[in-house]
Each structure stands twice: as structure tokens, then as C-alpha cells.
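*Asks:* Have a look at the structure that comes next, please.
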Amino acid sequence: MATDADRPPQVSSGQIATVRRWLSAAKNLMVITGAGVSAESGVPTFRTADGLWRQFNPMDYATPEAFHQDPVKVWQWYDARRQGIVAAEPNAAHRALARLEEQGKTVFIVTQNVDDLHERAGSKQVIHLHGSIWRLRCERDGNVVENREAPLIEMPPTCFCGEVMRPDIVWFGEALPWRPLQQIEDYLLKGPVDLCLVIGTEASFGYIIELAVQAREHGARLVDINPRLTDLGKMADVQLPGKAGEVLADLLSSQP
Ligand code: OAD
């Protein structure tokens, strides 16, 4: 027999009212997003039950070693993901964040996602911490190009210098690129940050938790939106246990 303990947690109207109040007062937001924000667009996540890392070993697809060993295998995998992303549409969560910016708020999005759904929804300030699936990089001469072919015409794609290009994505064992880190630091230093929304990430990397901690040190209240209670969710001022699109639509809708 089902008991209360079996039911998934529900977002309470009190929590929604509190976060609505914070949201309407906030001028400067930092929004940290992960794969969960694109889940309702049909883009797969990584670590959930049906996530990519449950079907594919990341060491075979998301490391420099895997790429050097078999660039075509790695590129075919990314090419399939590119085709999925190009067919996907921004969902209610992406659109809600873009709407907040239209309302005159500063909405500084730090995403771990390599898709472009935030930009396609209309968000203007999007920092891609893990790179972009639409950029190709040559490891020999550092040349970076945007390429939106889906499927790719040349497999594997090559640079004009003759070298095979790689996805401009941060792989396991690689350092984060300096430019996004600098942009984040600049935003935090300008401060204050009124509200930090963390949406759809497992926050399995220490630097994501660190970012939320820094936003809080710069004045932000911390709100986590995720059906699952993650370690970061446990630190939040409010944890909203729901789907990103539904919760954000609720937060932005007029008062009941
Ligand atoms: P994960 O797949 O690790 O976590 C996705 C999170 O989204 C989980 O906590 C889910 O509970 C949550 N989630 C699922 N559906 C959701 C929904 N509709 N609304 C809100 N939340 C939902 O993805 P990330 O944390 O983004 O790196 O993973 C971080 C990085 O690990 C990725 O950027 C990727 C991967 O290796 C690279 O590709 C470089």
C-alpha cells in the first residue's frame, strides 16, 4: 500500500510565494543551469536513470585520449547529439529565464550545457562553462570555428591546416576555459547578486557548488529547482522539488 513517504515531494504554495517575492524584488540574478533545464526539451541528461552516462562510458567519448584514439567514433556520437539538439525547442524554463531579462532584470546564466537553448529562447548573457557543441577547435593552431551542420558534412571535420578538429567542449581531466571564469568573476565583483537560481544540475563538480557559495557570499539567496534533492539543494535557502519548466512557469505566473 502506498504511503505518504512513497509520494514524490511537492512544491508547496508557501515556497512558491516566498521565491516569487524574492524574484520580484531581485534586480541581479545569477542562474546556474545543468542538463535538467533542457530535459523537458527532450535533450538527454547525463546521470539520471536514462542519462547518457548510464548508456555510454564517458571515458570512451569525453576524454582527449578517446578522441585521439578514435576521432570518428567520438565525432559520430557528438554528431548524433547535435542532430538531437537542432531538432529540440527551448522549453518553458528557458523561456521563463529569457522573460525575466525582458522585464529588465540582469539574468546572468552560467550553464554547463553545450546546447544553445538558452540563447534560442532569447537570453542574452549566457556563459558556457563546458563549451559549445556548435564550436570546433583545432588543437594544433587553436583555431575555433562555429559549425552548425547537423549532420556534419565532413567526418571527421578538419581544420584548414589539415588537423582533425575536436568539439570545443571541456572533457574529463581538462581545465575549465579561462574566459568564462573571468566573466563570472567580473559579474560577481560588480555585485551584489540578489538571487541565485540553480536549475537542473546534479552539481557533481565542486566548482559548481563553489559558484553557488560565491553568489551567496555576494548577497544572493539560493534557490534550487530539481525534482531530486542534491547536495547543492540541501544547502539552498529554498529547494523546489519539481521540473524546471513547470516550477519556473509557476514562479512567473501571476499570483493565484
Ligand atoms: P546530470 O545529468 O548530472 O544531472 C541532471 C540533473 O537534472 C539531475 O539532478 C536531475 O535530477 C535533474 N533533472 C532532470 N530532469 C529535470 C527537470 N525536468 N527539471 C529540473 N531538473 C531536472 O547533469 P549536469 O549536472 O548538468 O559535462 O552534469 C554536469 C556535466 O556532467 C555536464 O555538463 C556534462 C557531464 O559530464 C560535459 O559534457 C562537459
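The values are calculated or read from the model by the stated rules, or taken from the named source; none is laboratory data. These numbers were taken from a predicted model, which means no experiment stands behind them. Because the Cβ atoms are built from the backbone with ideal geometry, glycine has one as well, and the counts that use them run over all protein chains shown. Keep in mind that these areas ignore ligands, DNA and RNA; they rest on the heavy atoms of the full protein, side chains included. Shrake-Rupley method; radii C 1.70, N 1.55, O 1.52, S 1.80 Å.
*Asks:* Leaving out ligands and nucleic acids, note down the accessible area per residue over the chain with a 1.4 angstrom probe, in whole Å². Spell out each step's value before the answer.
*Replies:* Working: 12590 Å² over 256 residues.
Roughly 49 Å² per residue, with all protein chains present.
*Asks:* Let me ask something else about it. Output the relative contact order of region 1-130, whole-number percent, from Cα pairs under 8 angstrom with separation of 6+ residues.
*Replies:* Details: 130 pairs, mean separation 36.4, N = 130.
Over region 1-130, the number comes to 28 percent.
*Asks:* If you filter region 141-235 for chymotrypsin sites (Phe, Trp or Tyr not before Pro), then keep DSSP loop positions with at most 13 other Cβ within 10 Å, what is left? Don't jump to the answer; show the numbers that get you there.
*Replies:* Numbers: sites: Phe160, Trp171, Phe172, Trp178, Tyr187, Phe205, Tyr207; in loops: Phe160, Trp171, Phe172, Phe205.
Sparse-neighbourhood loop chymotrypsin sites (Phe, Trp or Tyr not before Pro): Phe160, Phe172.
*Asks:* Explain nothing, just the number: dipole magnitude of the chain about its Cα centre with +1 on each Lys and Arg Cβ and -1 on each Asp and Glu Cβ, in debye rounded to the nearest 20.
*Replies:* On the way: 26 positive and 33 negative charges, 136 e Å.
Approximately 660 debye in magnitude.
*Asks:* Something else: If I model a spin label at Gln182 and Ile153 as a point 7 Å from the Cα along the Cα→Cβ vector, what separation in nanometres do I get?
*Replies:* So the label points at Gln182 and Ile153 sit 3.3 nm apart.
*Asks:* For region 1-122, just say rounded, prolate or oblate: build the C-alpha gyration tensor, square-root its eigenvalues into a ≥ b ≥ c, call rounded for a/c under 1.5, and beyond that prolate if a/b exceeds b/c, oblate if not.
*Replies:* Values: a/c = 2.64, a/b = 1.47, b/c = 1.79.
Oblate is the answer for region 1-122, as a/c is 1.5 or above yet b/c matches or exceeds a/b.
*Asks:* Which of these, Ala17, Ala96, Ala49, has the largest mean-square fluctuation under a Gaussian network model of the chain (Cα springs below 10 Å)?
*Replies:* Evaluated over the chain, the most mobile residue of the options is Ala49.
*Asks:* Roll a 1.4 angstrom probe over the protein heavy atoms and tell me the percent of accessible area of the chain that is carbon or sulfur.
*Replies:* Numbers: 6490 of 12590 Å².
Here carbon and sulfur together make up 52 percent of the probe-accessible area.
*Asks:* Once you list every other residue whose beta carbon is under 12 Å from the beta carbon of Pro156, what net charge do they have if Lys and Arg are +1 and Asp and Glu are -1?
*Replies:* Details: positive: Lys73, Arg166; negative: Asp70, Asp79, Glu154, Glu163.
Taking every other residue near Pro156 into account, the sum is -2.
*Asks:* By its C-alpha gyration tensor, with a ≥ b ≥ c as the square roots of the eigenvalues, how is region 55-99 shaped: rounded for a/c under 1.5, else prolate for a/b larger than b/c, else oblate?
*Replies:* Numbers: a/c = 3.58, a/b = 2.60, b/c = 1.38.
In terms of gyration-tensor shape, prolate.
*Asks:* Continuing with this model, one more query. Quick check for the chain: number of Lys pairs with alpha-carbon distance under 28 Å, counting only pairs 8 or more apart or on different chains?
*Replies:* For the chain, qualifying lysine pairs total 13.
*Asks:* Now for a different question. Evaluate the relative contact order of the chain (contact order divided by residue number), counting alpha-carbon pairs under 8 angstrom at least 6 apart; express in whole percent. Let's see the in-between values first.
*Replies:* On the way: 427 pairs, mean separation 62.6, N = 256.
Once normalised by length, the contact order is 24 percent.
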